[in-house]
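Notes follow the structure.
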Amino acid sequence: MSAAARLAPIGARVSDARQIPDRPDQGPRGHLPVLAGELVDLIGPQPGETIVDCTFGAGGHARLVADRIGPEGTLVAIDRDPVAQAHFQEFASEAVCQTRFLAAEFSIALKSLQNEGFRASALYMDLGMSSLQVDAAERGFSYSHEAPLDMRMDPRQDLTAEVILNTWTEQQLARMLRDLGEERYAGGISREIVARRPLETTSDLVEAIKAGMPAAARFGSGHPARRSFQALRIAVNGELEAVDAALPIAWDTLETGGRMAVISFHSLEDRRVKRFFNDLATGCVCPPELPVCVCGHEPEAEVLTRRPISASDEETAANPRARSARLRGALKLPEPGKGN
């Protein structure tokens, strides 16, 4: 039974197949998907396959994949951001493939698919925040725009950046900045945040961050608020917990021979992805002093990227966000003794 046929019984709502008009490989309003060609090459979508886009965003990657899998293929899109869901409706109206959308954080959506017995030919994730979220100044993701302290990827959740900044203890704030932002001056910044309460806008936060840093550090490479904003965004949205939960569920969702690819944008994400793929690709786990293997452990994956794939100079010039992107991928091997 084909992957598309397996999807049919689980209640997927699909769009009518139709021809996509000629257009650039980008999403709405000139959105440029990061490492798009590299990702598509890595997962190698084929006609008729079922592909899962775990982080749909503006659909830049999805458009390329849809063209490859064609009318017999199915693309399942996941995103918790209502703005992404609106873009999906436009995408689905044009897509040559069948489509389905799940409005949820990706670990929850993937678990739902797994419970339905769903299997994917390939699956990919583009982690972190999308350019749609950054460009919407009123959502508070950017330190470059005056906005409320929000930072929620899902506006329906209660926890916001303002709640964290105005209710967490100084120690909790410092730990967050160190662990999630790798911020060297976490102690000083957290003291300033507490001293300046209540903080209400992104400008309030930027001023507290600058005041909590030594003068020389404010003029180093990059914006002085970059790491703190990253940490706060990750905390608000539980991003690392979601990645940790989603990776094994995503892998279990793949059929034998399935391909999985992940784009990450900072070391906290990339280390998790690298470790996850390497653990899957590990064979014998017996202590080195044993002369022969007694564990019988076989590798589940072939790592397709011994080193992460980075954006070219041309791409980073056109899209500065791509500068920190790292792409890794793996192939799911047959279970021992079961063949293909």
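Just checking, does the stretch 289-300 include any residue being among the small types (Gly, Ala, Ser) and surrounded by 12 or more Cβ atoms within 10 Å (Cβ to Cβ)? The answer is no; no qualifying residue exists.
Results for (1) out of contact with any Pro (no Cβ under 9 Å at 6 or more places or on another chain); (2) in the same structural domain as residue 324 (by TED's automatic domain parsing); (3) crowded, with 21+ Cβ neighbours inside 10 Å; (4) hydroxyl-bearing (Ser, Thr, Tyr), shown as yes or no for each residue.
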residue	(1), (2), (3), (4)
211	yes, no, no, no
217	no, no, no, no
224	yes, no, no, no
252	yes, yes, no, no
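Name the residue that is modelled with the highest pLDDT, counting only residues in the stretch 151-164 that are surrounded by fewer than 20 Cβ atoms within 10 Å (Cβ to Cβ) and either in contact with an Asp or Glu (Cβ under 9 Å, 6 or more places away or on another chain) or among the aromatic types (Phe, Trp, Tyr) (or both). Top of the filtered list is 160. State yes or no: is residue 139 closer than 13 Å to residue 237 by Cβ, free of Cβ contacts under 8 Å to residues at least 40 places away in the same chain and crowded, with 18+ Cβ neighbours inside 10 Å? When the stated conditions are applied, residue 139 passes them.
Would you confirm, using the coordinates I've provided, whether residue 193 is touching a residue at least 24 places away in the same chain (Cβ under 8 Å), over 30 Å from residue 78 (Cα atoms) and assigned to a helix (DSSP H, G or I)? Yes, satisfied.
Would you check if residue 246 is assigned to a helix (DSSP H, G or I) and either surrounded by fewer than 15 Cβ atoms within 10 Å (Cβ to Cβ) or of a type in the set (Val, Ile, Thr) (or both)? So residue 246 fails the test. Restricting the search to the stretch 114-132, which residues are surrounded by fewer than 22 Cβ atoms within 10 Å (Cβ to Cβ) and either over 18 Å from the mean Cα position of the chain (by Cα) or free of Cβ contacts under 8 Å to residues at least 60 places away in the same chain (or both)? Residues satisfying the conditions are 114, 115, 116, 117, 118, 119.
The values are calculated or read from the model by the stated rules, or taken from the named source; none is laboratory data. Treat the numbers as computed from the prediction; the structure is a model and nothing was measured. Cβ: placed from backbone, ideal geometry, glycine included. Neighbour counts: every protein chain shown.
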